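What follows is a set of notes on a single structure, which appears directly below.
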Amino acid sequence: MYEIRIHSRGGQGGVTAAKLLALAAFRDHKYATAFPFYGAERRGAPVVSFVRIDESPIRVYSQIKKPDLIVVLDNSIMDVVDVLHGLRPGGKVLLNGTLPHDMKGFQTLSVDLTTIALRLNLVVAGSPILNTPVIGALAKMGIVSMDSAKSAISEMFSDDRNVKAAEAAFQELVL
């Protein structure tokens, strides 16, 4: 089972990104679950979302304590949350941005999802929406296929800028 924890802020699209990723995995003929963890939060508050993907039915519905992959949609969260907590040995980190961060020896990848969203005017209430570009980056990492990612995005959103955002992140992420 492959387990992913997504750290975001309310309104950035982290919860929707988890749903999109699970839908894309389903399109790849895999089993997947996705769910958020938050209280009575508001826009801008830290939010954690979880995704599990497997070849077999998933019967675990708890929070993910030992993820294989950490996704950070807003790097300022690292000032208030230990995003690396529980990351498995050999785990990976995907960061939004271009600046390198010390991730304690874990393989770290970064792509500027914010710039992609702003370039395509994917903005709600003044905040760039990062859910669709991050799915493109995760497809580039091989978590799901790009065809399934685009299918999931098209199923959830009618605006073709969302697919373009995923394609841009897929192109811009350097492995």
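The values are calculated or read from the model by the stated rules, or taken from the named source; none is laboratory data. Worth saying up front: this structure is predicted, and the values here are computed from it rather than measured. All Cβ positions, glycine included, derive from the backbone under ideal geometry; neighbour counts span all protein chains shown.
Summary of computed values
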read-out	value
Residue within segment 93-112 that is among the small types (G, A, S) and either in contact with a Lys or Arg (Cβ under 8 Å, 6 or more places away or on another chain) or under 23 Å from F35 (Cα atoms) (or both) present	no
Residue match in segment 50-70 (condition: aromatic (F, W, Y), in contact with a Phe, Trp or Tyr (Cβ under 7 Å, 6 or more places away or on another chain) and free of Cβ contacts under 8 Å to residues at least 60 places away in the same chain)	yes
Identity of the residue in segment 1-48, part of a strand (DSSP E or B) and polar (S, T, N, Q), that ends up modelled with the highest pLDDT	T33
Subset of segment 145-171 that is among the hydroxyl-bearing types (S, T, Y) and free of Cβ contacts under 8 Å to residues at least 24 places away in the same chain - its residue that is surrounded by the most Cβ atoms within 10 Å (Cβ to Cβ)	S154
All positions within segment 49-65 that are under 24 Å from H85 (Cα atoms), polar (S, T, N, Q) and either surrounded by fewer than 21 Cβ atoms within 10 Å (Cβ to Cβ) or at pLDDT below 90 (or both)	S62, Q63
Tally, over segment 119-138, of residues that are hydrophobic (A, V, I, L, M, F, W, C) and closer than 17 Å to L95 by Cβ	5
